[in-house]
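One structure below.
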Amino acid sequence: MTHRPHRPDFRSLDHVTGRLGGIAYGGDYNPEQWPEHVWAEDARLMREAGVNLVTVGVFSWSRIEPRPGTYEWGWLDRVLDLLHAHGIAVDLATPTAAPPPWFSRAHPQSLPETSAGNRLAPGSRQVFCPSSPDYARAADRLVRALAERYADHPAVVLWHVHNEWGNHNALCYCDTSAAAFRGWLRERHGTLEGLNSAWGTDFWSQRYGDWEEILPPRDTPAFGNPSQALDYRRFSSDALLARHRAETALLRELAPGTPVTTNLMGTLEKKVDGFAFAPECDLVSVDHYLTAADPDAHIGLALNADLARGMAGGRPWMLMEHSTSAVNWQPVNLAKQPGQMRRNSLTHLARGADAVMFFQWRQARAGAEKWHSAMLPHGGTSTRTWGEVTSLGDDLRVLAEVRGSTVAAEVALVFDWQAWWALELEARPSVHLRYLDVVRDWYQALWSTGVTCDVVPPGADLSRYRAVLVPSLYLTADEDAEALHTFVRSGGHLAVGCFSGVADVNDHVRLGGHPGAFRDLLGLVVDEYLPLREDEQVALSDGSTARLWAERVEPHGAQTRLRFAEGPDGGPAPGGAAVTRHAYGDGAAWYVATRPGPAVLRDVLAAVCRDAGAGPALAVPPGVEAVRRVKGSRSYLFLVNHGDRDATVVDVHGTGLLDGVRYDGPCTVAAGDVVVVRERGA
Ligand code: GAL
C-alpha cells in the first residue's frame, strides 16, 4: 500500500488567515524584477503598510529554471527567508503562466494557434497551447521541483497555482488541440453517431464518418457549426482544468500541509468556467478590476464578489488581485478617486472576502505593466496611494474580528458560463443581446433594492433561497430546468429573463413552443422572438421604455403585469405581454420578455422579493450599500456610501469598528465613507 500523507480539510480560509492572525493583506510581489538591495526596503515597507501576505513567483519561471532542468533557488530562498524574518507570509505561485524563451524555442509546436491558423509568438505570457504535452511535462517538472523545495518552508501558507488560467490562451486551434478535442469528444459523445446527432451534422452536409475528420471550429467561409463551437468552449475550459488538476495533485502530494488555490476571474473571464474550477481549489480566490469609465463600476464589483462567494459555496474567499488605482489595459486608464480603493476593498470584505490583495506590491519600472498602479507607486512613500495603502492596512487590522463570518442571502441569481457561451455564438436573433449585459441589468436592479444575493450555478441547491433570478439563461439542461420547477412548486419565487430556456445542452432548440424548458412553469408560449434595432426603443404600458428585445407572448395561465404599449410606439408586439406572473404550485414564476429600463426591472424584482418575503439587510438611502456578515451570534453591518453626499441610515445599533462610535438609531455615513458596525446583541 502506498503511504498517503494526511491532508487536512482546507476548505476554511482560517487555515491561512488564522496563521496571519487577521484579514490577509498584500499583493503580488515580483522581487526578481528588482536588484536585491531593494528587497530589504520592500520587507520593511510591507510591515509599515500592515501587509501580512504576498504572492511570490508568479512569473519567475525563467529565473528559477534558466536552462532546462537547471534550477536556481538561491534568490528565491533569500526572498522567502527575508519575508519570513519580517513576519510576512507567502502565497507561493507555480510560475507556469509564463514559459521562458528556451522552452518556446525548443518546442515551437507548443505555441498556441488562432482560429485563422496563426501561430502566436513568444515574448509575452501564457504563450502555450493548453493541450501541449511538452508544456505539461515541463510545467509538471517545475511544479514538482518547487513543491519539493518549499513544502516545509515556514513562510509558505498557501500555494497559488498558475495565474488566471486561460486569460490569454484558452482557445487554441492547433493540430495538438484538434487531437485532444477528438479525445474529449469521444468521452462526451461515445460514438460518432452520438456526436453527429448532438451536433446536428445533417445540416449543410457536415456528417462525420471518421473521428479524424473532426477539427476545432477554425475559421470557415460561412457560419460554423454552433454545437461544435459550444463543445469547443467546453473542451477548452476542461483542457485548462486538467492542467490545474495536474498541478494541484502534485502540490497536494508533495506539500500536504498547505492549501492550494488559483486566482479565478469571475465575470471578467468568459472562456473559463469558474464553477468547474472552484471545487478543485481548497480556497476560492478571485481577481477583480473595475471598468474605470463605468460610473456604476462598484455594482459590477459587488456582482463579482457575490459570484466569488457563490463559487466558494458561501464560505469566505480571497480577493487575490485588484488595483490600488489605474490599470494599464483599458482604453483610458482612469486613476481611482481618493477613497475609492478603500471603498472597493471594504465592499469585497462586506461580501465575504477575508483577504484584500492587489496586483501588485511595487510598481514596475520596466515591462508592459509599468503604467499599472501598485501598492508602492513609482513615487514611493510620499504618494497619495501609499498613504491610502497604509491606512487601509490599519482598517483591516481593526476589522480582523470579521474574519470567518459569512454573508447570509435569501435570494440567488443564477449565472452560467455555458449559457453565456451559447447565447453569444454566431447567427443568433440579435448580436446585441449580450449575456453579461443582461446579468448586469438584473444584478444592478436587485442591488438598488438593497437585497443581497448569492450568484450560483444552475445546478446549485436552491432550497435555502426564497427567490431565484434567472437572467437570459438561453441554454438550460433538463435537470436544471426541472430543479427550477421544483423550487417554485415548493413555494419559491422565480423571475426569468427574456430568451431563456430556449435551447438544450447541445444548442438544439427545444420544440413544442418557446421557451421549451419553462413554458409550463411560466404559463405562457412565446410565439416569436422579436429583437429590436440597436437604437430602437419601445414603450411599455406604464409609460416607461424598453430596448433591444421584444417577444410576442401568449399567456396560458400567466397574468400580464405590464404590456408593450398599444400602437406604433409599442414596437413589434403592440399590446402584448411584456412582464407576466404565473402562480405555479405553492410559488410563482415571473417572466420579463424584454430589456426594460432600470426602474421597471427594479420594481419587478422588488415585487418578486416582496412576494417571497426577502428583504434588504437594512433600508438605506440610494447610493448606500448595506451588507451583513454573520458569525454565530455576532453580526457585522457594512454601510458603504458611494455617493458624493453624506447619507443617514436609520436604525443602526452597535459599535462602529472603524470610528469607535456607538450607534443607537441614526448613523451618518459621510460621502465616500464606509462604516462597519458590530451590531448590538451580537
Ligand atoms: C491580471 C493578472 C496580473 C496583472 C493584472 C493587471 O489579469 O493576473 O498578473 O497582469 O491583471 O491588471
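The values are calculated or read from the model by the stated rules, or taken from the named source; none is laboratory data. Quick caveat: nothing in here was measured; it's all calculated off a predicted structure. Positions of Cβ are generated from backbone atoms using ideal geometry, with glycine treated the same way; all protein chains shown enter the neighbour counts. The area values use the complete protein model at the heavy-atom level, side chains included, leaving out ligands, DNA and RNA. Shrake-Rupley method; radii C 1.70, N 1.55, O 1.52, S 1.80 Å.
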**Asked** Residue-wise, which Karplus ³J(HN,Hα) couplings in Hz belong to segment 316-322, taking 6.51 cos²θ - 1.76 cosθ + 1.60, θ = phi - 60°, and x for glycine or proline?
**Response** x, 9, 10, 7, 7, 9, 8
**Complete:** With R₀ set to 41 angstrom, the calculated FRET efficiency between the beta-carbons of Glu280 and Ser197, to the nearest 0.05, is 0.85
**Request:** Just grab the label-to-label distance for Thr390 and Arg7, each label 7 Å out from Cα along the Cβ direction, in nm (one decimal).
**Result:** 4.2
**Item:** Net dipole in debye of the chain [+1 Lys, Arg Cβ; -1 Asp, Glu Cβ; about Cα centre; nearest 20]
**Value:** 1200
**Fill in**
Whole-Hz Karplus couplings 3J(HN,Hα) for segment 446-453, θ = phi - 60° and coefficients 6.51, -1.76, 1.60, Gly and Pro as x, run 5, 3, 6, 7, x, 7, 8, 10
**Complete:** Length gained, Arg218-Ala242, 0.36 nm per residue minus C-alpha separation, equals 6.4 nm
**Request:** With a cut-off of at most 12 other beta carbons within 10 Å, and DSSP calling the residue loop, which trypsin sites (Lys or Arg not before Pro) in segment 499-558 qualify? Please list them.
**Result:** Arg533
**Request:** Please give the residues of segment 582-604, grouped as numeric ranges, whose backbone N is less than 18 Å from a label point set 7 Å along the Cα-to-Cβ vector of Gln559.
**Result:** 582-593, 603-604
**Item:** Anisotropy class of segment 411-612 from Cα gyration tensor, a/c 1.5 cut
**Value:** rounded
**Message:** Could you give the length gained by full extension between Ser115 and Trp371, i.e. 0.36 nm per residue of separation minus their alpha carbon distance, to one decimal place?
**Reply:** 89.1 nm
**Complete:** With +1 at each Lys and Arg Cβ and -1 at each Asp and Glu Cβ, the charge dipole magnitude of segment 175-215 around its Cα centre, to the nearest 20 debye, comes out at 140
**Label-point gap, in nm, between Glu41 and Asn506 - each point 7 angstrom along Cα→Cβ** = 6.4
**Item:** Selected from Pro66, Ala503, Leu83, residue furthest toward positive end of dipole (the chain; charges at beta carbon)
**Value:** Leu83
**Message:** So with the 1.4 Å probe, I'd like the accessible area per residue for the chain, rounded to whole Å².
**Reply:** 38
**Request:** Return the carbon/sulfur percentage of the accessible area of the chain, one whole number, probe 1.4 Å, all protein chains in place.
**Result:** 50
**Prompt:** Roughly how many nanometres apart are two label points built 7 Å out from the Cα toward the Cβ at Tyr208 and Arg634?
**Reply:** 5.6
**Amide N proximity, segment 596-638 versus Ala671 label position 7 Å along Cα-to-Cβ, cut-off under 18 Å** = 621-625
**Complete:** By the rule of no other cysteine beta carbon under 4.7 Å, the lone cysteines of the chain are Cys174, Cys281, Cys453, Cys498, Cys609, Cys667
**Message:** If you average the alpha carbon positions of segment 101-145 and of segment 649-680, how far apart do those two centres end up, in angstrom?
**Reply:** 53
**Fill in**
Relative contact order in percent for the chain (Cα pairs under 8 Å, 6+ apart) equals 10
**Message:** Just want the answer: with Cβ charges of +1 for Lys and Arg and -1 for Asp and Glu, which residue in Gly18, Val579, Gly459 is farthest toward the dipole's positive end in the chain?
**Reply:** Gly18
**Fill in**
Per DSSP, the loop-located GluC sites (Glu not before Pro) within segment 520-568 having at most 13 other beta carbons within 10 Å are Glu534, Glu566
**Prompt:** If you place +1 on the Cβ of every Lys and Arg and -1 on the Cβ of every Asp and Glu, how big does the dipole about the Cα centre of segment 624-679 come out, in debye to the nearest 20?
**Reply:** 360
**Separation of alpha-carbon centers, segment 599-640 and segment 520-554, rounded to whole Å** = 29
**Asked** Along segment 558-569, what does the Karplus equation 6.51 cos²θ - 1.76 cosθ + 1.60 (θ = phi - 60°) give for ³J(HN,Hα), rounded to whole Hz, x for Gly and Pro?
**Response** 6, 8, 8, 9, 8, 10, 6, 4, 5, x, x, 5
